[in-house]
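The block underneath contains the structure these notes are about, expressed in structure tokens.
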Amino acid sequence: MSSAPRQVTRTEITDVDDERLQRYSDIIIEHSQFPRHHGNIENPTHQGQGENPFCGDRVKLQFVVNNAGIIEKAAVESVGCAISTASASLLAAHLHGISLQQARDLFERVRAAVTGGAGEDELDEQLGELAALTFAGRYPSRVKCATLPWHVLNHALAGNLSVATTE
């Protein structure tokens, strides 16, 4: 005898969403209040800067790539809202030890996630704590705050010295 699949209740879905939102919120708050890898690097091999002229967010990213193409060290300076600061901190924390190609791929995945390109369970699995940036996607005016540091990364990877924006 087979039984019908158990139906998931709306309350259970809401509880999962509430837990996920609380976890994402905690990560954003933690990284905005205590940014990781904040500062400057002497003699970076790559650097970029960006700004959002509408809200005043500014990000400066520097990193050092070794001869094998691996990012050895990354530092960021960020001035702006909590989401922008947290995004910059998360970015710098996740660059250490990855290749330039992995950094490019990470930019694409995070940008797609924040702008609504994947399911939440899939994002948690693929991005770990970076999935917290999708929190900003719930508020269209905050998407630019979350993605600015990642656009700065993209500029730095391309050797583009112009000021990155989210436009």
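Each reported figure results from applying straightforward, stated rules to the coordinates on display, with no laboratory input. Keep in mind that this is a model prediction, so the values were computed, not measured. Counting neighbours? That spans all protein chains shown, and the Cβs are built from the backbone with ideal geometry, glycine included.
If you take the beta carbon distance between residue 161 and residue 29 as r and set R0 to 45 Å, what does 1/(1 + (r/R0)^6) give as a FRET efficiency, to the nearest 0.05?
Working: r = 33 Å, r/R0 = 0.73.
Using R0 = 45 Å, I get an efficiency of 0.85.
Taking square-rooted eigenvalues a ≥ b ≥ c of the alpha carbon gyration tensor, is region 58-167 rounded, prolate or oblate, where a/c under 1.5 means rounded and, failing that, a/b exceeding b/c means prolate? Show your work: numbers first, answer last.
On the way: a/c = 1.82, a/b = 1.28, b/c = 1.42.
It is oblate, given that a/c is not under 1.5 and a/b is not larger than b/c.
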> How high is the relative contact order of region 10-158, in percent, with contacts defined as C-alpha pairs under 8 Å that are six or more residues apart?
Replying inline: 27 percent
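Suppose every Lys and Arg Cβ carries +1 and every Asp and Glu Cβ carries -1, with no other charges. What dipole size does region 54-154 come out with about its Cα centre, to the nearest 20 debye? Could you put the intermediate results ahead of the total?
Numbers: 9 positive and 11 negative charges, 103 e Å.
Approximately 500 debye in magnitude.
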> Given the Cα-Cα distance of residue 70 and residue 54 and 0.36 nm per residue of separation, how much length would full extension add, in nm?
Replying inline: 2.3 nm
